[in-house]
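See below for the structure under consideration.
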Amino acid sequence: MKKLWLKALYISLFLYLCAFQKHYTMKYKISKGLDLKLAGEPVDKEVSIPMSKTFYVKPTDFRWFTPRLRVQEGASVDVGTPLFADKQDERIVLVSPVKGTVRQIVRGEKRAIQAVVIEADETPVVTRTVDFAEPTDSATIREILLQNGLWACLRQRPFSTMPSPDVTPTAVFVSCFDSAPLAPDYNILLRGREEAFRKGIGILRLAADNAPVHICMREDGQNELFESCENVSKHYFSGPHPAGNVGTQIHLVSPINKGDVVWFVHPAEVARIGQLFLNHTLSFDKKVARTGPCLATTGYFDTVYGADISDILFANLPDKSFRNISGNVLTGALLAEFPTVRFYDYQTTVIEEGGKREFIGWLLPGFKKWSFSHTYLSWLTKNKVYQHNTSLHGGRRTFMMTDVYDKVFPFDIIPLSLLKACYIKDIEQMEALGIYEVDDEDFALCEVVCPSKMECQQIVRDALCELRVKN
């Protein structure tokens, strides 16, 4: 009789957990990682810049997107007019963020399209009202997102590409904080868009056929907005970077197996989707953090995706060589030919160019130099911030047998073995070692501490490209 009573208790407990599995709360502490103490954090201050009349829409902002042109030079476009379609699936389009005229189509090697340059009207129009009936099923929601160019807001793991509209994800992840160096405050990015964010969460859940939506927050952060979302699973993370990487969060909450597809969406893109369904307004405006040790003042500025931001990129910079980056210093891209923030970036960083020879180099005590291996005495001051530059501080060499990667890589994966398998494109070995759970950004810290100065992110990115082609 006692055994039957215990069995009934276990079954009841199991059913209770199953009934509420979509609304649970979990805490995770990251012990392996690294916080780079870089000067130039963004302050909560608005930096005003004039709205540019030149816009660059780049298919290269979207990983492995193969563009087919939908417009020609001289064509008139409105907000939401398709500029490119994906050759693999022509339902997926990239659209114009502004009303104006196509001034130029920039091509690179082998006539590959680099950008479409749009000249905005005299008074730039960056919003458009879209009329549609309130959707009630996932197919209708996906169709609205596809038609208005907001399908690009969604990305999937593995591969970090735009997902197929025909595939239902096993889960949706929204990472509500960023632990990368000088990362922006997401509460500031979403200021005034709180209702749109909540609406967007509900729309994503419906678009994913009621797959579980996971909201990931910093444990000691200001999470009032994110905690107010309903019918979601809430998770709290603490510890150093990469605690804020969506790859780390997926690995700990809902690991990916071969064949699984998980969607992930930036909170600002969630609000953009919510704005479309809440107010029937299509817009590609964004708030961006201006950061970096080269700046006298930092802050946030309002812009539109694709807008030329030269006015702020080169303002108030010191009289020496520097590098403007779209994104953070770990995973960002150089802002050179097209001075505009990438689609998924909400931060720009300015750091000094390195490469200068130093007198007797590492023989100095180095009180102002950062070192992961405690080569310099600066490690005694743990809260010190540094004026990092682009110097490698060493030469490139072949892979060394070392455990240094394990100290900054919080996955249950052997990073050195996986990197070697990626380097030689051994697909079977990559799959056995967990390639589907990672992306190149997850190896950014490995690249920072690598004694061989290997380009770890590029190695993983090339391997994922090879794997995607084979699949």
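The values are calculated or read from the model by the stated rules, or taken from the named source; none is laboratory data. Remember, predicted model here, so these are calculated numbers, not experimental data. FYI the Cβ positions are ideal-geometry reconstructions off the backbone, even for glycines, and counts take in every protein chain you see. These area figures cover heavy atoms from the full protein model, side chains too; ligands, DNA and RNA do not enter into them. Shrake-Rupley method; radii C 1.70, N 1.55, O 1.52, S 1.80 Å.
Quick notes on this one:
Residues are listed down the side, and each one gets a yes or a no for (1) closer than 30 Å to ILE413 by Cα; (2) of a type outside the set (Lys, Arg); (3) touching a Ser or Thr at 6+ places or on another chain (Cβ under 8 Å); (4) touching a residue at least 40 places away in the same chain (Cβ under 8 Å):
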residue	(1), (2), (3), (4)
GLY244	yes, yes, yes, yes
PRO267	yes, yes, yes, yes
VAL270	no, yes, no, yes
PRO318	no, yes, no, no
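- Condition met for VAL93 (part of a strand (DSSP E or B), within 21 Å of GLY274 (Cβ to Cβ) and without any contact (Cβ under 8 Å) to a residue 60 or more places away in the chain): yes
- One residue stands out among those in the range 98-156 that are outside any strand (DSSP E or B) and hydroxyl-bearing (Ser, Thr, Tyr): the one that is least open to solvent (accessible area, probe 1.4 Å), which is SER138.
- Hey, ARG191 open to solvent by 10 Å² or more (accessible area, probe 1.4 Å) and in a strand (DSSP E or B) or not: no
- The strands (runs of 3 or more DSSP E) found entirely in the range 223-287 include none that carry 3 or more residues being charged (D, E, K, R), buried (at least 23 other Cβ atoms within 10 Å of the Cβ) and in contact with a Gly (Cβ under 9 Å, 6 or more places away or on another chain).
- For the range 391-407, residues that are among the polar types (S, T, N, Q) and farther than 18 Å from PHE443 by Cα total 1.
- Top-ranked residue of the range 381-436 - restricted to ones that are of a type in the set (Lys, Arg) and part of a helix (DSSP H, G or I), ranked as nearest to PHE159 (Cα to Cα): LYS420
- Applying the condition of being at pLDDT below 95 and among the basic types (Lys, Arg) to the range 310-348 and asking which residue is nearest to the chain's Cα centre (by Cα) yields ARG323.
- In the range 74-90, the residues that are out of contact with any Pro (no Cβ under 8 Å at 6 or more places or on another chain) and either closer than 16 Å to SER283 by Cα or in a strand (DSSP E or B) (or both): SER76, VAL77, ASP78, GLY80, THR81, PRO82, LEU83, GLU90
- Inter-residue pairs, beta-carbon under 7 Å, first open to solvent by less than 50 Å² (accessible area, probe 1.4 Å) and in the range 448-466, second in a helix (DSSP H, G or I) and of a type in the set (A, V, I, L, M), 6+ apart: CYS456/LEU419; GLN457/ALA444; ILE459/LEU419; ALA463/MET430; ALA463/ILE435
- Of residues in the range 309-352 being among the aromatic types (Phe, Trp, Tyr) and farther than 22 Å from CYS446 by Cβ, the one surrounded by the fewest Cβ atoms within 10 Å (Cβ to Cβ): PHE314
- Pair list, Cβ under 8 Å, 6 or more apart: the range 157-183 residue part of a strand (DSSP E or B), other residue open to solvent by 20 Å² or more (accessible area, probe 1.4 Å) and among the acidic types (Asp, Glu): ARG157/GLU437
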